[in-house]
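Written out below as structure tokens is the structure these notes cover.
All of the numbers you see were taken from the coordinates with simple rules; none came from a lab. All values reported here derive from a predicted model rather than from experimental measurement. Positions of Cβ are generated from backbone atoms using ideal geometry, with glycine treated the same way; all protein chains shown enter the neighbour counts.
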Amino acid sequence: MAVAFGFILIAFFVMVGALGLAIAVGLTALLAMPPWRNLSRLFPLDLAHSVFLIFIAWAWASTIWSPFDQTGLVFHILGGALLYPLFVYGVFTLSGKARHIVILTALISAPFMLAPYLIEGTTGLISNFYEEEASRGAMLRDATRGISAIVMATPALAALCVLVVTGRKGWIIAAIGVLLIALVSVQFHLFAALIGLILGGIIFAAGYKWPRSTILIVTLSFLIMLLLAPMIMPVFAAPLDGMHLPFSWEWRVKMWPYTGQQINLHPLFGWGLEASRTFTEDHFKLRGFTLSYLVQHPHNVGLQVWLETGLIGALLLSTAIALFGIRLSSMPGLARLQGAAISSSGAIILIFFSFTYGAWQEWLWACIAWVAALCVLVGTPRHNEGHP
């Protein structure tokens, strides 16, 4: 019941902009904490999780030389690194009727999460209640996070729909859901979300046919994005410079080469955690506005990890992801549908990592934990086969 309540709470926060996802996932992890006899199975920690915690420790150490005045971010990151996997494990331990209730809760909550964004995108009804332009803009920015969260969860929710509604009807309902989410992404001009859905659909088909190989391919793509970001993103941006693009994308085209230049100044150790927020002195002109090259983060997780934690941080995070991907691809009894959900979700998350959000956004990591839990529900319970 605690997990079902948690999924309802997650759905509520997704509906209102996703910023509260960290609270929902963390609270659910605590409320639904399994008894010690189950928790003890988690020790010693999985190697991938251990390396990830070492990466978090290195990011924490980088606050020593960071020019940014820290505000407790590291404690939030560390709390998430401990609680979010615990949330996923709590879902993993469910079986029988409890598991079925949570699956139904997740599926029933999906249309409610999407409804306000579909109404706003079609009619503009909700934004009419915001008289001030600033508050309306803030609401619409929050909406983009909520839609992004739904997009990341789409493959797993579609797989659950196919799992629960047997036969052709399940695939038809899932396809209608994906089309509605794509429509909302277009209405809100979320091109990264739309690209993610298209790529996710291709990867879903590949993952359904070759589940283990596709998971490894997506894992390799993550490693390329992380390790080669300082080389790839400036090269990617160069031919786009001068083209008529949406305003935010033109800004990115200026941002990525500039970030690469700053990485070259401190390539090994990086500038320190949250240093991205301090590059406010260098400016450029864009459509009559004077803008900083960097505002909060470079909108690419690979670039941000390199910029703030250097090569050491990039290697640690890449190692954790590689170990995690290898483990997922070698899971005993990996079903085709679960392999498709995992690989497709990973591909969509990779798109958002590459073009949109920052590396330390709590709601984003909580969203990934939620998506991981949904992927767990797609699979067959394996409670007596050792570690999850």
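Points to keep in mind about this one:
- Long-range amide H partners of L286 with built H, under 5 Å: L291
- Separation of alpha-carbon centers, the stretch 31-76 and the stretch 182-211, rounded to whole Å: 31
- Length released on extending from L53 to A98, taking residue separation times 0.36 nm less the Cα-Cα span: 13.1 nm
- Cβ-based exposure ranking for W251, W370, in which fewest neighbours within 10 Å come first: W251, W370
- Förster-model FRET efficiency, 30 Å R0, N38 and F5, C-beta, rounded to 0.05: 0.95
- Ranking A143, G96, L114 by Cα position along the charge dipole of the chain, where only Lys, Arg, Asp and Glu carry charges on their C-beta atoms, puts G96 farthest toward the positive end.
- 3J(HN,Hα) couplings calculated from phi for the stretch 150-166 with the Karplus curve 6.51 cos²θ - 1.76 cosθ + 1.60 (θ = phi - 60°) are, in sequence order, 5, 4, 4, 8, 4, x, 5, 5, 5, 5, 5, 4, 5, 5, 7, 9, 6 Hz; Gly and Pro show x.
- Shown for K169, K254: other C-beta atoms within 10 Å of each C-beta, ranked fewest to most, produce the order K169, K254.
- Cβ charges +1 (Lys, Arg) and -1 (Asp, Glu), total dipole of the chain, debye: 1340
- The stretch 45-155: C-alpha gyration tensor shape, a/c 1.5 cut-off, then a/b vs b/c: oblate
- Shape call, the stretch 1-72: gyration tensor on alpha carbons, a/c limit 1.5: oblate
- Simple Cβ-charge dipole of the stretch 81-156, Lys/Arg +1 and Asp/Glu -1, about Cα centre, in debye nearest 20: 480
- For the stretch 202-348, the Cβ-based charge dipole about the Cα centre amounts to some 540 debye (Lys, Arg positive; Asp, Glu negative; other atoms uncharged).
- Between L140 and L240, the contour length at 0.36 nm per residue exceeds the Cα-Cα span by 33.3 nm.
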